[in-house]
Amino acid sequence: MIHTFLINLLNLSMDKIFLRFVSFFYPVLAKTGVDIIQLNEILRVKLTMDNRRPKAMFAARKNAMNNGQQSPWLINFFTILIGFFIGLVLFLTGMPYVGETYYFIIFMVLMALTLISDFTTVLIDTRDQFILLPRPVNDRTIAVSRILHISIYVLRLALLQGLPALVIVGFIDGILAVPVFFIQILEATFLSILMVNIIYLVLMKSVRPQRFKDIISYFQIGFSVLVFATYYLLPRLINVSVLGNINLLTHWWAYLLPPVWIAALNELLIHSSRSGVTTSLLAIMGLTLPVAGLWFVAKVLAPGFNRRLSVMATSEGNNNTSTQVKKAGKFNLIEKLSNLAAPDPVENAGFRITWKLAARTREFKMKVYPAFAYVPIYFLYFALNGKGQTISDRLEKLQNSHTYVFLIYLSTFIMSAILMNISMSEKYKSAWVYYALPIAEPGKILSGMYKAIVTLYFLPYCLVLSIGIVIVWGPQAINDLVLAFLVSLIYGILMALFMVKGLPFSKPVVAKQGGGKMITSLLILAFIGGIGFGHYFLMRWEMLIWIGIIPAFFINWLMFRYYKKQTWDNIELSQV
Amino acid sequence: MAEAPLIQIRNLSKSYGSKLVLKNLSLDIFPGQVIGYIGPNGAGKSTTVKILTGLIPDFEGDVIVDGISMATGALEIKKLIGYVPENAEIYDVLSPMEYLDFIGKLYGMEEDTLRDRTKKLLMAFGLAANADDRMDTFSKGMKQKVLLISGIIHNPKIIILDEPLSGLDANAVIMIKELIMRLSNEGKTIFYCSHMMDVVEKVSDRILLINKGEIIADGTFQSLKQDHSDTLERIFSKLTGRQDQANGADAVINAFD
């Protein structure tokens, strides 16, 4: 109790400091017609709400935490931790510019991605339209509150993320470099805002408002994949110590990178002995560009930006664009596919509802789609795990080995990601229909669901992988692929049987997993892993694999029949 | 009524693209009146309300509230109006106390009065025990009560209620109906939009029926009854051109054949 109290206190005080800081500008703002009291209130409430809102950046980690409720202080801590890891790059001081350039590249990319993924919901808060607009608040106050809100958010992020590096720079370049670095962080922050603004503007110009939110969520998915990939792969692919000795300025394109301009300031002021005219020019560019950029954003981009945002927020904006479901050829194809795969009406209903909700539910896509990218990343991570060889050596070794079967077995990761999320939804209450309708055999809905998952997600994914594998490893891989696919299906049914005890999208999103379930899931995983390794050792006998397909197919068929017979007793009902 | 009208609407038109939603609407509303504003879906009801509350700033015609023109003094007008929107938008990560504190301060209320009044109102609506709970756990009815409070917290002259009874239980409905009468006796002007004809019939002393962007009936329930039919429901269906309701039901039954 005391612990959480302290955390809250710390956060509150942090916001208070920012509000106090902003309040220095109040007299000036008041002269331009802003209502200071209202402004202060709006900012205070918006900051409180930010603290209570879960962040997308840690969405992947959210499942691990018990309730999905993240403490804001924990997020601050993670931000500082990430800042510390990026800060380590600064120790690459073999050549001028190098360390700081890398640091600011990562800093800016991370900043821009966080801004896009976490702040979009704040920018497009449609509730403002109904809560703020009917109150006697003038437009200027709302506009200024929005700008200040974004600035506070961004500066807080920048300071937390940059804090460790400020200290590190003090150790490397002496105490004088610290204030210089502070200015450099501000430069990087402003440039990131400029980048984000341009991205938003391009998106808003080119896509319809509804699509905009979807695209943002793809950004978020891309972001988590990127973080994952850099974490696992970068150290395998690049020898970090080599990076430190690259002379950046011998490459002409280096002059085009904004992080180089930012790093130039440190070169000019701290290492003036080794800097020349070019460095001073770059440093000046680094100082003027953010200011010019901010002016450009405020004068040229922002007005249209706000107008477009308000159009998006009001119903008028949505009126013109139809939300009618497209009847494109692709959908007809899947409809035919669903009739083919699930001819029974109840099963067909299960198939179609799974397919349609999965394709249209943003939260589901956010949780499951990254898994599609994780599989190849994991595979490369394990495959490239060798020491003292060049990458081409390792790749060659990879091609001569039979490890490709593991690519398919690893794909079961997708299967479990889908299955773990398929029964959960924020709108789980709509699932009352299952309970209200006279469904005698709910197993049919489940089997429809399973068929939909396999035909629409797992099979296409495995097909793509298989084509790639056959190209790299040759057609003798086909029998292995078929067997691995069938074994994966067995894994899927086992998971579905023991782990997923709910109808599609029918349970609230709480990751409340009992210890027993964890053990079951580990047992299933160990079982399939055992079969996978067995398969790997039997691979030299091609015929054996072909024969193995027959029992695998038969087991699948039997288990699926059993799965289809699930009754209401086997299904966990949730309060609707 | 000798008094000057509190709300004057003159030749109000509004179109979305090529679609004309309001066609030359003219209307006078006097202080203390409870207006029941009814009409079929898409008739222009919520557009009127949104213009009156300043949510839609661009329109043709004049809207004058308490002598102030909407075109020039929207801010002053907003101070006079309390609005309870239909779609229940609320910052639900806040608690009722926090939310109402926020709203009250936007109206420029003093902290002490505001806190005192918020507590009393939450108590009156039976939410005292939940005053400091986050609203994301609230039921629809509880959120609706908070919205209602946020619409009257600054003691406005005009109260605009858009489907205010949704999600409320029978006791709360009785209380709101009573409240509307009492507020009207206090001299408040109430603009009540709803699809629930029986409630409108009971609470309003003047009923406005809008259809396809035009007001097609205006009067007390008594006068409408004399001219048209005996219940508001029937009057509604007769005037909005759906006299073939029986045919509609026939068509439904026939669909099974």
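The values are calculated or read from the model by the stated rules, or taken from the named source; none is laboratory data. Predicted model, so just to flag it, every value in this text is computed and none were measured. Backbone-built Cβ (ideal geometry, glycine too); neighbour counts: all protein chains shown. The area values use the complete protein model at the heavy-atom level, side chains included, leaving out ligands, DNA and RNA. Shrake-Rupley method; radii C 1.70, N 1.55, O 1.52, S 1.80 Å.
Here are some notes:
- Relative contact order, percent, chain B [alpha-carbon distance under 8 Å, six or more residues apart]: 25 percent
- Remark: mean inter-chain Cβ contacts per residue of B:81-92 equal 4, using a 10 Å Cβ-Cβ cutoff to other protein chain atoms.
- Ranked packing of A:268-274, B:205-211, B:89-95, most packed first, by mean Cβ within 10 Å: B:205-211, B:89-95, A:268-274
- Count Lys and Arg as plus one, Asp and Glu as minus one, and take only other residues whose Cβ is under 15 Å from that of A:Ile414; the net charge is then +2.
- Peptide A:34-40 has a mean of 2 when you count, residue by residue, the C-beta atoms of other protein chains within 10 Å of its C-beta.
- A 1.4 Å probe, protein heavy atoms only, puts the accessible area of A:Ser23 near 40 Å².
- Pairing chain B with chain A buries about 2700 Å² of accessible area. This figure sums both sides and uses a 1.4 Å probe.
- Peptide B:48-60, shielding by other chains (average Cβ, 10 Å cutoff): 2
- Accessible surface of the range A:330-570 [probe 1.4 Å, protein heavy atoms]: carbon and sulfur percent: 70 percent
- For A:Trp295, the solvent-accessible surface with a 1.4 Å probe is about 150 Å², rounded to the nearest 10.
- Residue pairs exceeding 18 angstrom between C-alpha atoms, taken from B:Lys177/B:Lys225; B:Lys212/B:Lys238; B:Lys14/B:Lys212; A:Lys356/A:Lys451: B:Lys177/B:Lys225.
- Heavy-atom accessible area ranking, 1.4 Å probe, most first, across B:Glu214, A:Glu267, B:Glu233: B:Glu233, B:Glu214, A:Glu267
- Protein accessible area in chain B, 1.4 Å probe - carbon and sulfur %: 49 percent
- Mean ellipticity per residue at 222 nm, deg cm²/dmol - from DSSP H runs of n ≥ 4 across chain B, formula -39500 (n - 2.57): -12000 deg cm²/dmol
- Calculated FRET efficiency for the pair A:Ile147/B:Ala131, C-beta based, R₀ 35 Å, to 0.05: 0.60
- Zone of A:Leu233's modelled label, taken as backbone nitrogen in the range A:401-421 under 19 Å from a point 7 Å along Cα→Cβ: A:403-414
- Proximal charge balance of A:Glu347 [Cβ under 11 Å; K/R count +1, D/E count -1]: +2
- A viscosity of 1.567 mPa s and a temperature of 4 °C, combined with the Kirkwood radius over Cα pairs in Stokes-Einstein, give a translational diffusion coefficient for the range A:330-570 of 68 µm²/s.
- 0 to 90° range, to nearest 10: angle between helix B:170-185 axis and chain B longest Cα axis: 90 degrees
- Percentage, to the nearest whole number, of Cα pairs in the range B:128-257 over 20 Å apart: 57 percent
- The chymotrypsin sites (Phe, Trp or Tyr not before Pro) of the range B:189-256 that meet both conditions, a loop assignment by DSSP and at most 10 other Cβ atoms within 10 Å of the site Cβ, are B:Phe256.
- Going from the chain on its own to the full set of protein chains, the range A:131-165 has these residues losing 40 Å² or more of accessible surface (heavy atoms, 1.4 Å probe, no ligands, DNA or RNA): A:Ile131, A:Leu133, A:Pro134, A:Arg135, A:Pro136.
- Within the shell of other residues whose beta carbon sits under 15 angstrom from the beta carbon of A:Trp557, the net charge comes to +4, with Lys and Arg scored +1 and Asp and Glu -1.
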